[in-house]
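Here's the structure we're looking at; comments come further down.
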Amino acid sequence: MNDQEWGKFKEAFVSNVADTKIFMNGVEEYFATHPNLRRENKSVIHSTKKRIKDIDHLRDKIERKNAVGRDITPENLFHKVTDIAGVRILLLFQGHFSVVDNAIRRKIENGDWVFNESPKAFTWDPEASRFFSSFDVEVQTRDTFYTSVHYLIKPRKESHVCCEIQVRTLFEEIWGEIDHMINYPHKTDNASCKEQLMVLSKIVGAGSRLVDSIQRSIEENNL
């Protein structure tokens with residue numbers, strides 16, 4: 001892509017990103033404050049993050065996707081690139097995922113949001129696969145050791161505005177941040193880094209199971 005072509009994408013981005021940002025802010029506010037996400041007067045959500053895709057990373061993504069035939073143009077940019085806006089929901093306990101999933105589906109049932117595509121759970125862990133299979137999400141195994149559940153939502157079906165919601169535990173967030181630092185926007189060829197990320201993913205999986213066990217102990221003993 002030459003600079004003139006990229007200039008047209010930048011113009012399309014600047015012209016349309018405001019509506020997307022407003023929708024993203026509302027989504028993040030819902031998860032940060034809504035009483036439906038509280039249990040025993042405490043939010044099941046540890047914290048939230050939101051972001052609009054960095055414009056340099058956007059250019060790189062467009063070039064990569066078009067190289068494999070995606071045909072992204074300035075006119076269809078916000079329809080084809082569905083992660084321009086993102087909200088991340090971080091949980092202490094994987095067991096609280098059901099509360100977040102139910103909250104999202106209530107918004108869908110009430111007509112406040114629509115799914116742009118079916119929700120997906122990405123994981124490498126057979127135990128996590130079994131857990132997510134009990135929900136109405138498509139479970140996909142990834143050999144990258146990535147674990148997260150993704151929802152793509154819009155305010156209405158025909159809208160160009162889309163927001164990606166990612167739900168994961170704090171342990172999974174640690175792995176994701178380190179993986180992002182090493183592998184984004186381009187994957188590393190360093191064998192040591194790949195091996196270390198694999199080991200870290202196993203530690204993360206064990207840590208997530210341990211904190212869920214602690215939660216169950218607290219509930220069973222009324223602590």
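The values are calculated or read from the model by the stated rules, or taken from the named source; none is laboratory data. Source: prediction; values computed, not measured. Here the Cβ positions follow ideal geometry from the backbone for every residue, glycine too, while neighbour counts run over all protein chains shown. Quick note on the areas: whole protein, heavy atoms, side chains included, nothing else; ligands and nucleic acids left out. Shrake-Rupley method; radii C 1.70, N 1.55, O 1.52, S 1.80 Å.
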The lone exception for Ile22 - which of (1) part of a helix (DSSP H, G or I); (2) of a type outside the set (Phe, Trp, Tyr); (3) open to solvent by less than 60 Å² (accessible area, probe 1.4 Å); (4) farther than 30 Å from Gln94 by Cβ it fails: (3)
Qualifying residue in segment 40-50 (condition: open to solvent by 40 Å² or more (accessible area, probe 1.4 Å), touching a Lys or Arg at 6+ places or on another chain (Cβ under 6 Å) and either over 24 Å from Asn102 (Cα atoms) or assigned to a strand (DSSP E or B) (or both)): yes
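Looking only at segment 76-100, filter to residues that are of a type outside the set (Val, Ile, Thr) and closer than 17 Å to Phe23 by Cβ; which one of those is most open to solvent (accessible area, probe 1.4 Å)? Spell out the reasoning first.
Our first condition is that a residue be of a type outside the set (Val, Ile, Thr); within segment 76-100, this holds for 76-80, 83, 85-86, 88, 90-98.
Cutting the leftovers down to closer than 17 Å to Phe23 by Cβ gives us 77-79, 83, 85-86, 88.
Details: Leu77: 1, Phe78: 15, His79: 96, Asp83: 21, Ala85: 0, Gly86: 8, Arg88: 55 Å².
So, considering only residues that are of a type outside the set (Val, Ile, Thr) and closer than 17 Å to Phe23 by Cβ, the one most open to solvent (accessible area, probe 1.4 Å) is His79.
Here are Phe31, Phe23: which of them is closer than 27 Å to Arg209 by Cα, modelled with pLDDT of 95 or more and touching a strand residue (DSSP E or B) at 6+ places or on another chain (Cβ under 7 Å)? So that I can check it myself, show each step before the final result.
Numbers: Phe23 fails: closer than 27 Å to Arg209 by Cα.
After ruling out the rest, the residue left standing is Phe31.
Only one residue in Ile174, Ile182, Ile218 is among the β-branched types (Val, Ile, Thr), part of a helix (DSSP H, G or I), at pLDDT 90 or above and within 28 Å of Tyr30 (Cβ to Cβ), so which one is that?
Working: Ile182 fails: within 28 Å of Tyr30 (Cβ to Cβ); Ile218 fails: at pLDDT 90 or above.
Residue meeting the stated conditions: Ile174.
Every residue in segment 154-171 that is open to solvent by 20 Å² or more (accessible area, probe 1.4 Å) and among the charged types (D, E, K, R), please.
We begin by selecting, within segment 154-171, every residue open to solvent by 20 Å² or more (accessible area, probe 1.4 Å); these are 155-158, 160, 164, 166, 170-171.
The answer is Arg156, Lys157, Glu158, Glu164.
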Failed item in (1) modelled with pLDDT of 95 or more; (2) over 23 Å from Asn183 (Cα atoms); (3) open to solvent by less than 60 Å² (accessible area, probe 1.4 Å), with Val149 passing the rest: (2)
Residues (under 19 Å from Thr82 (Cβ atoms) and in contact (Cβ under 8 Å) with a residue 60 or more places away in the chain) located in segment 2-17: Phe9, Ala12, Phe13, Asn16, Val17
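Does segment 138-145 contain any residue that is open to solvent by less than 30 Å² (accessible area, probe 1.4 Å) and either in contact with a strand residue (DSSP E or B) (Cβ under 8 Å, 6 or more places away or on another chain) or of a type in the set (A, V, I, L, M) (or both)? Can you show your working first?
Going through segment 138-145, the residues open to solvent by less than 30 Å² (accessible area, probe 1.4 Å) turn out to be none.
No: segment 138-145 contains no residue that is open to solvent by less than 30 Å² (accessible area, probe 1.4 Å) and either in contact with a strand residue (DSSP E or B) (Cβ under 8 Å, 6 or more places away or on another chain) or of a type in the set (A, V, I, L, M) (or both).
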Unmet requirement for Gly69, which otherwise passes all of (1) part of a helix (DSSP H, G or I); (2) more than 20 Å from the chain's Cα centre (by Cα): (1)
Top-ranked residue of segment 109-137 - restricted to ones that are open to solvent by 80 Å² or more (accessible area, probe 1.4 Å) and outside any helix (DSSP H, G or I), ranked as farthest from Trp175 (Cα to Cα): Asn110
Any chance Glu29 is over 19 Å from His160 (Cα atoms), within 18 Å of the chain's Cα centre (by Cα), open to solvent by 80 Å² or more (accessible area, probe 1.4 Å) and of a type outside the set (Val, Ile, Thr): yes
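Would you check if there is a residue in segment 186-200 being among the β-branched types (Val, Ile, Thr) and surrounded by fewer than 12 Cβ atoms within 10 Å (Cβ to Cβ)? So that I can check it myself, show each step before the final result.
Keep residues of segment 186-200 that are among the β-branched types (Val, Ile, Thr), which gives 188, 199.
Pick out the ones that are also surrounded by fewer than 12 Cβ atoms within 10 Å (Cβ to Cβ) and you get 199.
Yes: segment 186-200 contains one or more residues that are among the β-branched types (Val, Ile, Thr) and surrounded by fewer than 12 Cβ atoms within 10 Å (Cβ to Cβ).
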